[in-house]
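The values are calculated or read from the model by the stated rules, or taken from the named source; none is laboratory data. None of these values were measured; they are calculated from a predicted model. Here Cβ is always computed from backbone atoms with ideal geometry, including for glycine, and neighbour counts include all displayed protein chains. Just the protein is used for accessible areas: all its heavy atoms, side chains included, with ligands, DNA and RNA removed. Shrake-Rupley method; radii C 1.70, N 1.55, O 1.52, S 1.80 Å.
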Amino acid sequence: MSTPTSPPPSAEPRGRVLLRVGLPALFGVVWWSTLCASPFVCVPALFTHGAVIDRCPSGALLPHSQVLVESVARNQTGWVRVSPRLEGRDEHDLAISGQPRSVSVRLSLLRAGSETPEPLGPAPDDPEEGAWQDDGPDLRRRLRLPADLPDGIHTLRAALESSAGDEVIDVSLPVFAPARVHLLSDRPRYEAGQTVLLRAVALRAADLSPLAGRPGRWRVRDPSGELVLDEAATTDDWGIVAGSFPIAPGALEGEWTASWESGSDTGSTAFLVAPFTLPRFSVSAQPARPWHLPGDRPTLRATATSASGAPVADAAVELVWRAEGDWQPPTDWLAGTLPVRARTDARGALSLALPAVPDDLVGTATLVATLTVVDPAGDRQQSQARVRLSADAVAGELVTETGDTLLEGFNNRAWVRLTRPDGQALPDVALTVKRAWDPTDPGTTVQTDADGVARLQLDPGPPVNLELPTPPVRPPPPPAPVELGAIRDELRGQSAALATRQAIEGQQALLARCAPLLQHGSFANGSSVCNPDHNFSLLAPRWQVGSTPAERL
């Protein structure tokens, strides 16, 4: 039986041999690697901070990290990104930067107006929310703000600890509910030295309820865009905030802008700063009667009076007309039948007779005249007059408990208000209401009160179809078959002379014969097809006729 032999006492264990031989070899490799990399890597920064930079700083590397907040809101999970950085200067005063070896970050919240930080840890329903994740050279974690956080500009504080030292970074965190802001000034125009009074109301966008305690800022800019006022202001319990701004003497004249800004929501208004100058004269215009029926001839009267009360005689008057309502006036009214030019008499007055109101008038319509009066000195003033046209001398308005409808088989309670076409109430008038589709209906007679309102009860019965009068349709006049375009003298390479243009304009009626024959085409000199009685070669070498939008010459 043989027994195992033991190693001689002088033999060294293998582990010790590896340590005794391997460690020097490892340190040698590291030493040679550092020696080889030293021209390209700062060895002290590598061993001290773990930062790989190509040049060594002349002093210490200081932490200079950045914090970015993404999509963070109340009851909404967003992200916080931290970018750890070390910065310094080399011996040539050039900037160098790198990243530290290890960084730990703690987040806290400072509410608006408070200096006490609140730690921001993971949410109870999301334990992974507070865990930092590596995102390349950055650190990133999810974050959700407290649900009870009020509107305001809060502060997110990040406390970083690294091999280069501690660092605290504060990030502004505006938290505001979407709002609608309306802003008004007490006047549209001011003089230098006066005070502008401003008032704004902030409403929640979701339900238009007032936003109490909403912080914001007043900002006023002059016509050059320079900010002349930047002042904090908070809404009261009704969501209203008031402010004022004194305009300095000698301030810039022009359009100023005032705004109240809260988060991304802004309300603004513009006002004019200019010296007040009284107009040299004023213009008043009105029709001779408050309304006109079919067949009547309306009369428009106007008076121009100077600031001293003297009449403005021999002033030129230009009128521009437009129509309001469903009824269309005759086509020629707005094309020239209505007066467009006049002059004031020695009393500064004028009286213009309008065409008779057509019998096809349906309902009510309004002619609006804009008068521009220019006195002999060249000063200009404007006024406006409204001529009311009505098919009936009485207007009625029906209101029921359901708005403006009547329910079948139901005793509807209704109110009828009688007025003149100009809105004047008709009190103490006997009113008979009948079913227009039932000739046997005796009707219901009621009396209007002092406000022209009568109360009655109606049962319309089963529904019926009624034919209502339709307003007349008056299409606009067709465009001119030939319109004069550019005229060019090809022989001289310049625009045609005025005499040539006048001669061509006199021939447009003759050229209109070609419009139905040609479309985007041309015809040569002396064309007998279009105009057998005239030779165009004396006027121009060639003519062209188009058809869009009108036949063009």
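Mind checking the per residue accessible area of region 223-267 for me, 1.4 Å probe, whole number of Å²?
56 Å²
Assign unit charges at the C-beta atoms only (+1 for Lys and Arg, -1 for Asp and Glu), then state the dipole size of region 228-335 relative to its Cα centre in Debye, rounded to the nearest 20.
That gives a dipole near 880 debye.
P(r) for region 174-214: what percent of alpha-carbon pairs falls in each 5 Å bin, starting at zero?
6, 20, 22, 15, 12, 11, 10, 5, 0
Taking amide H positions as placed in the peptide plane 1.01 Å from N, state which residues far from Gly363 in sequence (5 or more) or on other chains have amide H under 5 Å from it.
Here Ala391 satisfy the definition.
Each label point is 7 Å from the Cα along the Cα-to-Cβ direction; what then is the distance between the points at Gln76 and Gln502, in nm?
Between Gln76 and Gln502, the label points sit 7.2 nm apart.
How many percent of the accessible area of region 335-416 is carbon or sulfur, using a 1.4 Å probe?
On region 335-416, the fraction of accessible area on carbon and sulfur atoms equals 49 percent.
For Leu229, what residues show an amide H to amide H distance below 5 Å, using hydrogens built from the backbone and excluding near sequence neighbours?
Val220
Compute the Rg/Rh shape ratio of region 93-228: radius of gyration over Kirkwood radius, all on alpha-carbon atoms.
That ratio is 1.13, to two decimals.
In whole Hz and in residue order, list the ³J(HN,Hα) couplings for region 263-277 that follow from phi through the Karplus curve 6.51 cos²θ - 1.76 cosθ + 1.60, θ = phi - 60°; x for Gly and Pro.
Calculated HN-Hα couplings, in order: x, 8, 9, 9, x, 9, 8, 10, 9, 9, 10, 7, x, 7, 10 Hz.
Compute the semi-axes of the equivalent ellipsoid of region 306-459, taking the square root of 5 times each eigenvalue of the Cα gyration tensor, and list them largest first in whole Å.
So the three semi-axes of region 306-459 are 45, 18, 13 Å.
Ignoring ligands and nucleic acids, what accessible area does Ser162 show with a 1.4 Å probe (Å², nearest 10)?
Only protein atoms counted, so the area is about 30 Å².
How large are Rg and Dmax for region 410-522 when only the alpha carbon atoms are used, in Å?
32.2, 87
Of all trypsin sites (Lys or Arg not before Pro) in region 185-289, which ones are in loop regions per DSSP and have a Cβ with at most 16 other Cβ atoms within 10 Å?
Sites meeting the loop and neighbour criteria: Arg280.
Hey, what does the equivalent ellipsoid look like for region 220-291, semi-axes from the Cα gyration tensor as sqrt of 5 times each eigenvalue, largest first, whole Å? Each step should come with its number before you reach the end.
Values: eigenvalues 241, 92, 24 Å².
In descending order the semi-axes read 35, 21, 11 Å.
Which log10 I(q)/I(0) values does region 269-368 give at q = 0.11, 0.15, 0.17, 0.24 Å⁻¹ under the Debye formula, counting every alpha carbon as one identical point scatterer?
The computed values of log10 I(q)/I(0) come out as -0.46, -0.74, -0.85, -1.26.
Under the Karplus relation 6.51 cos²θ - 1.76 cosθ + 1.60, θ = phi - 60°, what is the ordered set of whole-Hz ³J(HN,Hα) values for region 67-81, x standing for Gly and Pro?
Each residue of region 67-81 in turn: 10, 10, 10, 10, 6, 8, 8, 5, 6, 9, 7, x, 10, 10, 10 Hz.
Report, in whole Å, the centroid distance computed from the Cα atoms of region 298-377 and region 401-447.
So the separation of the two Cα centres works out to 37 Å.
Provide the three semi-axes, in whole Å and in decreasing order, of the ellipsoid equivalent to region 344-407 as defined by the square roots of 5 times the Cα gyration tensor eigenvalues.
40, 16, 9
I need the phi-derived Karplus couplings for region 329-339: 6.51 cos²θ - 1.76 cosθ + 1.60, θ = phi - 60°, integer Hz, Gly and Pro marked x.
My calculation for region 329-339 gives x, x, 4, 6, 4, 7, 9, x, 5, 5, x Hz in order.
Using alpha carbon centroids, what distance separates region 53-96 and region 238-252, in Å?
Result: 42 Å between the Cα centres.
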